[in-house]
Amino acid sequence: MSERAAESKLSTTLCLGFGVGTVGVSILTNTISVYFPTFMVTVLGQSAALAGALVMGSKIYDIFADIFIGAMSDRTKSRWGRRRPYLLFGALTSAISLLLVFWVRGLEGALLIGYMAFALVFYSTAYSLFNVPYFAIAGEMTDSYQQRLRLMSFRTAFVGIGQLVSLALTAWLIRQGGGGSAGYQLMGGVVAAIALGTMLLSFFGTASAKR
């Protein structure tokens, strides 16, 4: 192997550090998409149409959040590089967002609707804070096409783990908690902790990435 090839090869530790972050991303995406409408209807007693409208509104907001956060990270200068500060802040806010969505009780009517709209906007912001720079950093770690492909293969492997957590484990946790508000609180708390842990692992695991 040439000296240049050796220098460009990404370490397995770095690839694992990057890839594990997608577990948290999968948790955020699937947990909200799958369980938020059901939670709104079966636990909070709201209509499916309202739940759908709130999700749609947050998705529209997410378009602008992605553009804004991407532009901000492009211009960021820090000792951690351009992207990694957002991985840290995105990890923390993402965990909080899951708690905001599923740890709600005692609200009714317009107050409940306003609160859930805020929670989904907070969630969308947190998701973009992590996910946009997360994908950007993958293209900046190496100039080698082969190494980028290798890096993304690690991410793909972790997608399956994230889907297991966000679909199978979540359903089990809700049942263990009794299926009602307590079940969703248990689920939200556990997956928030897992998302936080895997996203922080990605922040620390990419410390040696090219900047």
Starting from the 7 Å offset along Cα-to-Cβ, what nm value, one decimal, do you get for the label separation of Arg79 and Leu111? 4.6 nm
Go through Val121, Val159 and list them by solvent-accessible area, largest first, probe radius 1.4 Å. Val121, Val159
What is the Å³ per residue value for the convex hull set by the Cα atoms of the chain? 112 Å³
Which residue, Val191, Val43, Val55, has the most motion in a Gaussian network model of the chain that connects Cα atoms within less than 10 Å? Val43
So what is the calculated 222 nm ellipticity per residue for the chain, using -39500 (n - 2.57) for each DSSP H run with n of 4 or more, over all residues, to the nearest 500 deg cm²/dmol? -25500 deg cm²/dmol
In terms of the charge dipole of the chain, which places +1 on Lys and Arg and -1 on Asp and Glu at the beta carbon, the residue among Leu54, Thr142, Ala91 farthest towards the positive end is Thr142
If the elastic network links every pair of Cα atoms under 10 Å, which of Thr13, Thr93, Thr38 fluctuates the most in the Gaussian network model of the chain? Thr13
Ratio to report: Rg/Rh of the stretch 1-84, with Cα atoms as the point set and Rh obtained by the Kirkwood method; give two decimals. 1.19
Among Gly179, Gly21, Gly114, which one shows the biggest mean-square fluctuation in a GNM of the chain, springs joining Cα atoms closer than 10 Å? Gly114
Any idea what diffusion coefficient the stretch 156-208 gets from Stokes-Einstein, in µm²/s, Kirkwood Rh on alpha carbon pairs, 20 °C, 1.002 mPa s? 180 µm²/s
Quick one: putting +1 on the C-beta of Lys and Arg, -1 on the C-beta of Asp and Glu, what dipole do you get for the chain around its Cα centre, in Debye to the nearest 20? 500 debye
Picking from Leu107, Tyr123, Gly19, whose Cα lies most toward the positive end of the charge dipole for the chain (charges on Cβ: Lys, Arg +1; Asp, Glu -1)? Gly19
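The values are calculated or read from the model by the stated rules, or taken from the named source; none is laboratory data. Owing to the predicted nature of the structure, the values given are computational and were not obtained by experimental measurement. Cβ atoms come from the backbone with ideal geometry, glycine included; neighbour counts cover every protein chain shown. Please note that ligands, DNA and RNA were not included when accessible areas were found on the heavy atoms of the full protein model with its side chains. Shrake-Rupley method; radii C 1.70, N 1.55, O 1.52, S 1.80 Å.
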